[in-house]
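The values are calculated or read from the model by the stated rules, or taken from the named source; none is laboratory data. All values reported here derive from a predicted model rather than from experimental measurement. Don't worry about glycine lacking a Cβ; one is built from the backbone with ideal geometry, like all the others, and counts go over all protein chains shown. Side chains are part of the model used for accessible areas, which takes the heavy atoms of the whole protein and leaves out ligands, DNA and RNA. Shrake-Rupley method; radii C 1.70, N 1.55, O 1.52, S 1.80 Å.
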Amino acid sequence: MFPIEIKDLKKSYGSLKAVDGISFTVKQGEVFGLLGPNGAGKTTTIEIMEGLRERDSGEVKILGLDPWKNGYEIHKKIGVIPQEFTFFEKTTPKEAIKYYATLFNVKIDADAILKEVLLDDMEMHVFESLSGGQKQKTGLALSLVNSPELLFLDEPTTGLDPNARRAIWEVIRKLKTKGKTIILTTHYLDEAQQLSDRVAIMDHGHIVAMGTTEEIIQQHGSGEHLEIQGTPQLAKYIEENTELQVEYNKAKEKIIIHLKKKIDMLAALAAAEQSGMPWGEIQTRQDSLDDVFINLVKEPFDEQEDAGQKTNKKGRR
(Lines give C-alpha, C1' and ligand atoms only; values in the text may rest on other atoms or scores of the structure.)
Protein backbone atom coordinates (compact mmCIF):
# COMPACT_ATOMS: atom_id res chain seq x y z
CA MET A 1 0.00 0.00 0.00
CA PHE A 2 1.22 3.49 -0.86
CA PRO A 3 0.80 6.17 1.85
CA ILE A 4 -0.74 8.38 -0.84
CA GLU A 5 -2.73 7.23 -3.87
CA ILE A 6 -4.35 9.80 -6.15
CA LYS A 7 -6.26 8.82 -9.27
CA ASP A 8 -8.00 11.22 -11.68
CA LEU A 9 -8.52 13.86 -8.98
CA LYS A 10 -10.73 16.79 -10.01
CA LYS A 11 -11.84 19.94 -8.22
CA SER A 12 -13.56 22.96 -9.74
CA TYR A 13 -14.77 26.29 -8.41
CA GLY A 14 -17.68 27.10 -10.67
CA SER A 15 -16.31 26.96 -14.20
CA LEU A 16 -12.70 27.08 -13.02
CA LYS A 17 -10.89 23.73 -13.06
CA ALA A 18 -8.42 24.06 -10.19
CA VAL A 19 -7.37 20.41 -10.32
CA ASP A 20 -8.11 18.66 -13.60
CA GLY A 21 -7.64 14.90 -13.48
CA ILE A 22 -4.26 14.40 -11.83
CA SER A 23 -2.90 11.02 -10.73
CA PHE A 24 0.16 10.04 -8.69
CA THR A 25 1.34 7.82 -5.84
CA VAL A 26 3.85 8.49 -3.07
CA LYS A 27 6.03 5.72 -1.68
CA GLN A 28 6.72 4.98 1.97
CA GLY A 29 9.70 7.00 3.26
CA GLU A 30 9.77 9.24 0.19
CA VAL A 31 10.10 13.02 0.06
CA PHE A 32 7.71 14.03 -2.70
CA GLY A 33 7.93 17.62 -3.94
CA LEU A 34 4.80 19.29 -5.32
CA LEU A 35 5.77 22.34 -7.36
CA GLY A 36 3.89 24.89 -9.40
CA PRO A 37 3.30 28.61 -9.90
CA ASN A 38 0.68 30.51 -7.96
CA GLY A 39 -2.73 29.12 -8.88
CA ALA A 40 -1.44 25.86 -10.36
CA GLY A 41 -3.74 23.83 -8.10
CA LYS A 42 -1.17 22.46 -5.67
CA THR A 43 -2.67 23.99 -2.52
CA THR A 44 -6.13 22.67 -3.43
CA THR A 45 -4.54 19.25 -3.96
CA ILE A 46 -2.81 19.40 -0.58
CA GLU A 47 -6.00 20.47 1.21
CA ILE A 48 -7.92 17.58 -0.37
CA MET A 49 -5.24 15.15 0.79
CA GLU A 50 -5.37 16.61 4.30
CA GLY A 51 -9.14 16.20 4.44
CA LEU A 52 -9.77 19.96 4.58
CA ARG A 53 -11.48 20.27 1.20
CA GLU A 54 -13.89 17.92 -0.56
CA ARG A 55 -13.02 16.73 -4.06
CA ASP A 56 -15.47 16.72 -6.95
CA SER A 57 -14.39 13.34 -8.31
CA GLY A 58 -11.53 10.89 -8.45
CA GLU A 59 -9.98 8.53 -5.92
CA VAL A 60 -7.89 9.71 -2.96
CA LYS A 61 -6.39 7.36 -0.40
CA ILE A 62 -4.26 8.71 2.44
CA LEU A 63 -2.76 5.93 4.57
CA GLY A 64 -5.44 3.70 3.07
CA LEU A 65 -8.31 5.98 4.07
CA ASP A 66 -10.58 8.48 2.35
CA PRO A 67 -9.47 11.86 3.75
CA TRP A 68 -12.94 13.43 3.53
CA LYS A 69 -14.91 10.53 4.98
CA ASN A 70 -12.26 9.54 7.54
CA GLY A 71 -10.77 12.94 8.28
CA TYR A 72 -10.67 12.59 12.06
CA GLU A 73 -8.82 9.28 11.90
CA ILE A 74 -6.36 10.62 9.31
CA HIS A 75 -5.65 13.78 11.29
CA LYS A 76 -4.36 11.63 14.15
CA LYS A 77 -1.84 10.03 11.79
CA ILE A 78 -0.47 13.04 9.88
CA GLY A 79 1.61 16.09 10.73
CA VAL A 80 1.07 19.45 9.03
CA ILE A 81 3.05 22.69 8.83
CA PRO A 82 0.90 25.35 7.13
CA GLN A 83 2.29 28.32 5.25
CA GLU A 84 3.55 31.10 7.52
CA PHE A 85 3.24 29.03 10.69
CA THR A 86 2.64 31.03 13.87
CA PHE A 87 1.71 30.33 17.49
CA PHE A 88 0.86 32.03 20.79
CA GLU A 89 3.49 34.73 21.22
CA LYS A 90 4.19 34.21 24.93
CA THR A 91 4.46 30.42 24.71
CA THR A 92 7.80 28.62 24.67
CA PRO A 93 8.45 25.76 22.21
CA LYS A 94 8.42 23.29 25.09
CA GLU A 95 5.08 24.58 26.36
CA ALA A 96 3.69 24.43 22.83
CA ILE A 97 4.70 20.78 22.48
CA LYS A 98 3.07 19.88 25.81
CA TYR A 99 -0.09 21.72 24.77
CA TYR A 100 -0.29 19.79 21.50
CA ALA A 101 0.32 16.54 23.38
CA THR A 102 -2.74 17.36 25.48
CA LEU A 103 -4.81 17.98 22.36
CA PHE A 104 -3.76 14.64 20.88
CA ASN A 105 -4.02 12.91 24.28
CA VAL A 106 -0.55 11.41 23.93
CA LYS A 107 2.47 11.15 26.20
CA ILE A 108 5.61 12.59 24.67
CA ASP A 109 9.18 13.51 25.54
CA ALA A 110 9.21 17.23 24.75
CA ASP A 111 12.99 17.45 25.15
CA ALA A 112 13.51 14.64 22.64
CA ILE A 113 11.29 16.36 20.07
CA LEU A 114 13.10 19.68 20.53
CA LYS A 115 16.41 17.91 20.02
CA GLU A 116 15.09 16.19 16.91
CA VAL A 117 14.30 19.53 15.27
CA LEU A 118 17.55 21.17 16.50
CA LEU A 119 15.71 23.50 18.89
CA ASP A 120 16.76 22.13 22.28
CA ASP A 121 18.78 25.28 23.06
CA MET A 122 15.68 27.50 22.71
CA GLU A 123 13.17 25.53 24.74
CA MET A 124 12.53 28.33 27.27
CA HIS A 125 12.42 31.27 24.85
CA VAL A 126 8.95 32.61 24.05
CA PHE A 127 7.71 32.27 20.48
CA GLU A 128 7.76 36.00 19.69
CA SER A 129 11.50 36.16 20.45
CA LEU A 130 12.44 33.34 18.08
CA SER A 131 14.00 33.90 14.66
CA GLY A 132 12.09 32.95 11.53
CA GLY A 133 13.95 29.67 11.25
CA GLN A 134 13.36 28.83 14.91
CA LYS A 135 9.65 29.52 14.52
CA GLN A 136 9.53 27.10 11.59
CA LYS A 137 11.38 24.52 13.68
CA THR A 138 8.73 24.99 16.35
CA GLY A 139 6.14 24.18 13.68
CA LEU A 140 8.10 21.07 12.75
CA ALA A 141 8.25 20.07 16.41
CA LEU A 142 4.48 20.39 16.78
CA SER A 143 3.90 18.36 13.62
CA LEU A 144 5.80 15.48 15.27
CA VAL A 145 3.90 15.39 18.56
CA ASN A 146 1.50 12.67 17.41
CA SER A 147 4.30 10.54 15.86
CA PRO A 148 2.82 10.98 12.36
CA GLU A 149 3.31 8.49 9.57
CA LEU A 150 2.98 11.25 6.97
CA LEU A 151 4.07 14.90 7.02
CA PHE A 152 2.76 17.78 4.91
CA LEU A 153 5.28 20.63 4.81
CA ASP A 154 3.75 23.61 3.01
CA GLU A 155 6.42 26.19 2.10
CA PRO A 156 8.47 25.42 5.25
CA THR A 157 11.33 27.83 4.42
CA THR A 158 9.58 30.76 2.71
CA GLY A 159 11.08 34.07 3.87
CA LEU A 160 14.00 32.51 5.73
CA ASP A 161 17.62 33.48 5.22
CA PRO A 162 19.97 30.92 3.59
CA ASN A 163 21.37 29.64 6.89
CA ALA A 164 17.91 29.16 8.38
CA ARG A 165 16.73 27.39 5.23
CA ARG A 166 19.59 24.93 5.39
CA ALA A 167 18.91 24.27 9.06
CA ILE A 168 15.35 23.29 8.13
CA TRP A 169 16.74 21.12 5.33
CA GLU A 170 18.85 19.26 7.88
CA VAL A 171 15.77 18.54 10.00
CA ILE A 172 13.84 17.29 6.95
CA ARG A 173 16.71 14.99 5.98
CA LYS A 174 16.79 13.59 9.51
CA LEU A 175 13.07 12.89 9.37
CA LYS A 176 13.53 11.07 6.06
CA THR A 177 16.22 8.81 7.55
CA LYS A 178 13.65 7.78 10.16
CA GLY A 179 11.30 6.59 7.42
CA LYS A 180 8.85 9.48 7.45
CA THR A 181 6.90 10.08 4.26
CA ILE A 182 6.96 13.79 3.42
CA ILE A 183 4.95 15.94 1.01
CA LEU A 184 6.89 19.14 0.37
CA THR A 185 5.56 22.20 -1.41
CA THR A 186 8.11 24.92 -2.03
CA HIS A 187 8.76 28.03 -4.11
CA TYR A 188 12.47 27.25 -4.16
CA LEU A 189 13.51 24.97 -6.98
CA ASP A 190 16.95 24.34 -5.45
CA GLU A 191 15.19 23.19 -2.28
CA ALA A 192 13.08 20.70 -4.21
CA GLN A 193 16.16 19.47 -6.04
CA GLN A 194 18.11 19.06 -2.78
CA LEU A 195 15.42 17.33 -0.72
CA SER A 196 12.95 15.51 -2.97
CA ASP A 197 13.25 11.93 -4.16
CA ARG A 198 10.67 12.76 -6.82
CA VAL A 199 8.79 15.90 -7.81
CA ALA A 200 5.57 16.67 -9.66
CA ILE A 201 5.26 20.01 -11.44
CA MET A 202 1.69 21.33 -11.69
CA ASP A 203 0.37 24.00 -14.03
CA HIS A 204 -3.27 25.00 -14.62
CA GLY A 205 -4.56 22.00 -12.71
CA HIS A 206 -2.46 19.43 -14.57
CA ILE A 207 0.75 17.59 -13.75
CA VAL A 208 3.07 18.58 -16.59
CA ALA A 209 6.12 16.63 -15.41
CA MET A 210 6.85 14.03 -12.74
CA GLY A 211 9.84 11.94 -11.71
CA THR A 212 13.25 12.43 -10.17
CA THR A 213 14.79 15.81 -10.89
CA GLU A 214 17.33 14.07 -13.13
CA GLU A 215 14.57 12.35 -15.11
CA ILE A 216 12.64 15.60 -15.54
CA ILE A 217 15.73 17.52 -16.62
CA GLN A 218 16.66 14.79 -19.09
CA GLN A 219 13.15 14.58 -20.53
CA HIS A 220 12.25 18.27 -20.65
CA GLY A 221 15.60 20.06 -20.61
CA SER A 222 17.50 21.37 -23.59
CA GLY A 223 20.57 19.25 -22.92
CA GLU A 224 24.14 20.43 -22.55
CA HIS A 225 25.08 23.86 -23.81
CA LEU A 226 28.12 26.08 -24.10
CA GLU A 227 28.09 29.61 -22.72
CA ILE A 228 30.50 32.25 -24.06
CA GLN A 229 30.81 35.76 -22.65
CA GLY A 230 30.46 37.97 -25.70
CA THR A 231 28.43 40.36 -27.82
CA PRO A 232 25.28 39.95 -29.95
CA GLN A 233 27.48 40.48 -33.01
CA LEU A 234 29.64 37.51 -32.04
CA ALA A 235 26.54 35.38 -31.45
CA LYS A 236 25.31 36.26 -34.94
CA TYR A 237 28.72 35.44 -36.46
CA ILE A 238 28.83 32.00 -34.79
CA GLU A 239 25.30 31.22 -35.94
CA GLU A 240 25.99 32.27 -39.53
CA ASN A 241 29.27 30.37 -39.77
CA THR A 242 28.21 27.10 -38.16
CA GLU A 243 25.15 24.86 -38.16
CA LEU A 244 24.68 25.35 -34.43
CA GLN A 245 21.61 26.59 -32.53
CA VAL A 246 22.67 29.90 -30.97
CA GLU A 247 20.85 32.18 -28.53
CA TYR A 248 21.89 35.40 -26.83
CA ASN A 249 21.16 36.30 -23.20
CA LYS A 250 21.24 40.09 -23.12
CA ALA A 251 20.98 40.36 -19.32
CA LYS A 252 24.03 38.14 -18.76
CA GLU A 253 25.81 39.14 -21.99
CA LYS A 254 26.24 35.47 -22.79
CA ILE A 255 26.08 33.51 -26.02
CA ILE A 256 24.32 30.19 -25.47
CA ILE A 257 25.07 27.37 -27.90
CA HIS A 258 23.17 24.09 -27.70
CA LEU A 259 25.46 21.10 -28.05
CA LYS A 260 24.15 18.00 -29.78
CA LYS A 261 27.57 16.37 -29.76
CA LYS A 262 30.94 17.18 -28.19
CA ILE A 263 32.53 18.33 -31.46
CA ASP A 264 29.97 21.16 -31.61
CA MET A 265 31.92 22.87 -28.84
CA LEU A 266 35.08 22.92 -30.96
CA ALA A 267 33.14 24.32 -33.91
CA ALA A 268 31.71 27.13 -31.78
CA LEU A 269 35.07 28.07 -30.27
CA ALA A 270 36.75 27.97 -33.70
CA ALA A 271 34.12 30.32 -35.10
CA ALA A 272 34.52 32.67 -32.13
CA GLU A 273 38.28 32.81 -32.67
CA GLN A 274 37.94 33.30 -36.46
CA SER A 275 35.53 36.21 -35.95
CA GLY A 276 38.30 38.44 -34.59
CA MET A 277 35.82 39.79 -32.04
CA PRO A 278 36.56 39.83 -28.32
CA TRP A 279 35.13 37.05 -26.17
CA GLY A 280 35.62 36.05 -22.57
CA GLU A 281 34.79 33.33 -20.09
CA ILE A 282 33.42 30.04 -21.37
CA GLN A 283 31.63 27.23 -19.55
CA THR A 284 29.42 24.24 -20.27
CA ARG A 285 26.36 23.46 -18.21
CA GLN A 286 23.23 21.36 -18.08
CA ASP A 287 19.76 22.75 -17.46
CA SER A 288 18.74 22.96 -13.82
CA LEU A 289 15.30 22.15 -12.47
CA ASP A 290 14.72 25.91 -12.42
CA ASP A 291 15.42 26.12 -16.18
CA VAL A 292 13.04 23.27 -16.91
CA PHE A 293 10.34 24.71 -14.64
CA ILE A 294 10.40 28.05 -16.44
CA ASN A 295 10.17 26.32 -19.82
CA LEU A 296 7.27 24.12 -18.71
CA VAL A 297 4.98 26.58 -16.95
CA LYS A 298 5.97 29.92 -18.49
CA GLU A 299 4.92 31.69 -15.31
CA PRO A 300 7.05 32.90 -12.40
CA PHE A 301 6.57 31.83 -8.82
CA ASP A 302 4.55 34.08 -6.52
CA GLU A 303 5.52 34.38 -2.87
CA GLN A 304 2.22 32.92 -1.69
CA GLU A 305 -0.70 30.89 -2.92
CA ASP A 306 -4.10 31.74 -1.55
CA ALA A 307 -5.02 28.16 -0.59
CA GLY A 308 -8.00 28.18 -2.92
CA GLN A 309 -9.72 31.08 -1.18
CA LYS A 310 -9.34 33.63 -3.99
CA THR A 311 -8.62 33.61 -7.69
CA ASN A 312 -5.34 34.97 -8.97
CA LYS A 313 -4.85 37.17 -12.02
CA LYS A 314 -5.62 34.25 -14.34
CA GLY A 315 -8.74 33.32 -12.41
CA ARG A 316 -7.20 30.06 -11.12
CA ARG A 317 -7.68 28.97 -7.53
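Okay, residues lined up against (1) in contact with a helix residue (DSSP H, G or I) (Cβ under 7 Å, 6 or more places away or on another chain); (2) under 24 Å from Ile263 (Cβ atoms):
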position	(1), (2)
Tyr188	no, no
Gln193	yes, no
Met210	no, no
Gly223	no, yes
Lys236	no, yes
Glu243	no, yes
Ala251	no, no
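Which one is most open to solvent (accessible area, probe 1.4 Å), of the residues in the stretch 76-99 that are of a type in the set (A, V, I, L, M, F, W, C) and either in contact with a helix residue (DSSP H, G or I) (Cβ under 6 Å, 6 or more places away or on another chain) or in contact (Cβ under 8 Å) with a residue 40 or more places away in the chain (or both)?
So in the stretch 76-99, the residues of a type in the set (A, V, I, L, M, F, W, C) come out as 78, 80-81, 85, 87-88, 96-97.
Okay, now just the ones that are also either in contact with a helix residue (DSSP H, G or I) (Cβ under 6 Å, 6 or more places away or on another chain) or in contact (Cβ under 8 Å) with a residue 40 or more places away in the chain (or both), so 78, 80-81, 85, 87, 96-97.
On the way: Ile78: 9, Val80: 60, Ile81: 1, Phe85: 28, Phe87: 29, Ala96: 1, Ile97: 1 Å².
Ranking the candidates gives Val80 first.
With respect to Glu170, is the statement that it is in a helix (DSSP H, G or I), open to solvent by 20 Å² or more (accessible area, probe 1.4 Å), among the acidic types (Asp, Glu) and under 30 Å from Ile282 (Cβ atoms) true? Give the steps one after another, and end with the answer.
Working: in a helix (DSSP H, G or I): yes; open to solvent by 20 Å² or more (accessible area, probe 1.4 Å): yes; among the acidic types (Asp, Glu): yes; under 30 Å from Ile282 (Cβ atoms): no.
When the stated conditions are applied, Glu170 does not pass them.
Applying the selection to the stretch 154-163, what residues are touching a helix residue (DSSP H, G or I) at 6+ places or on another chain (Cβ under 7 Å) and either open to solvent by less than 20 Å² (accessible area, probe 1.4 Å) or not aliphatic (A, V, I, L, M) (or both)?
Asp154, Pro156, Thr157, Gly159 - these are the residues of the stretch 154-163 that are touching a helix residue (DSSP H, G or I) at 6+ places or on another chain (Cβ under 7 Å) and either open to solvent by less than 20 Å² (accessible area, probe 1.4 Å) or not aliphatic (A, V, I, L, M) (or both).
Checking Gln286 against (1) open to solvent by less than 70 Å² (accessible area, probe 1.4 Å); (2) modelled with pLDDT under 85: exactly one of these is not met. Which one?
(1)
Please go through the stretch 139-167 and pick out each residue that is in a helix (DSSP H, G or I) and farther than 24 Å from Ala112 by Cβ.
Matches in the stretch 139-167: Pro162, Asn163, Arg165.
Among the residues of the stretch 269-283, write down those that are part of a loop (DSSP other than H, G, I, E, B) and either aromatic (Phe, Trp, Tyr) or surrounded by 17 or more Cβ atoms within 10 Å (Cβ to Cβ) (or both).
Trp279
Go through Leu52, Leu63 for me and flag whichever is modelled with pLDDT under 95, surrounded by 16 or more Cβ atoms within 10 Å (Cβ to Cβ), under 23 Å from the mean Cα position of the chain (by Cα) and over 21 Å from Ser131 (Cα atoms).
Leu52
Of the residues that sit in the stretch 236-268 and are among the β-branched types (Val, Ile, Thr) and over 23 Å from Asp291 (Cα atoms), which one is least open to solvent (accessible area, probe 1.4 Å)?
Among those residues, the one meeting the criterion is Ile238.
Condition check: charged (D, E, K, R), buried (at least 21 other Cβ atoms within 10 Å of the Cβ) and in contact (Cβ under 8 Å) with a residue 12 or more places away in the chain. Does Lys42 satisfy that?
Taking the combined requirement at face value, the residue satisfies it.
Would you be able to say whether some residue in the stretch 76-89 is of a type in the set (Asp, Glu) and either closer than 25 Å to Asp20 by Cβ or under 25 Å from the mean Cα position of the chain (by Cα) (or both)?
Within the stretch 76-89, one or more residues are of a type in the set (Asp, Glu) and either closer than 25 Å to Asp20 by Cβ or under 25 Å from the mean Cα position of the chain (by Cα) (or both).
Restricting the search to the stretch 174-191, which residues are at pLDDT below 95 and either closer than 13 Å to Asp290 by Cα or part of a strand (DSSP E or B) (or both)?
Thr185, Thr186, His187, Tyr188, Leu189, Asp190, Glu191
Give the residue, chosen from Gly221, Gly280, Gly205, Gly308, that is at pLDDT 90 or above, within 30 Å of Thr186 (Cα to Cα) and either touching a Gly at 6+ places or on another chain (Cβ under 6 Å) or not hydroxyl-bearing (Ser, Thr, Tyr) (or both).
Numbers: Gly221 fails: at pLDDT 90 or above; Gly280 fails: within 30 Å of Thr186 (Cα to Cα); Gly308 fails: at pLDDT 90 or above.
One residue alone meets the criteria, Gly205.
Scan Gln194, Gln233, Gln136 and give me the residue that is open to solvent by 60 Å² or more (accessible area, probe 1.4 Å), touching a residue at least 24 places away in the same chain (Cβ under 8 Å), outside any loop (DSSP other than H, G, I, E, B) and more than 30 Å from Ala267 (Cα to Cα).
Going through Gln194, Gln233, Gln136 in turn, just one is open to solvent by 60 Å² or more (accessible area, probe 1.4 Å), touching a residue at least 24 places away in the same chain (Cβ under 8 Å), outside any loop (DSSP other than H, G, I, E, B) and more than 30 Å from Ala267 (Cα to Cα): Gln194.
Suppose the filter is under 25 Å from Leu63 (Cβ atoms), out of contact with any Ser or Thr (no Cβ under 8 Å at 6 or more places or on another chain), surrounded by 14 or more Cβ atoms within 10 Å (Cβ to Cβ) and in contact (Cβ under 8 Å) with a residue 40 or more places away in the chain; does Val208 pass it?
No; evaluated as a whole, the condition is false for this residue.
Within the stretch 100-122, how many residues turn out to be surrounded by fewer than 17 Cβ atoms within 10 Å (Cβ to Cβ) and either of a type outside the set (A, V, I, L, M) or at positive phi (or both)?
Residues meeting the conditions: 9.
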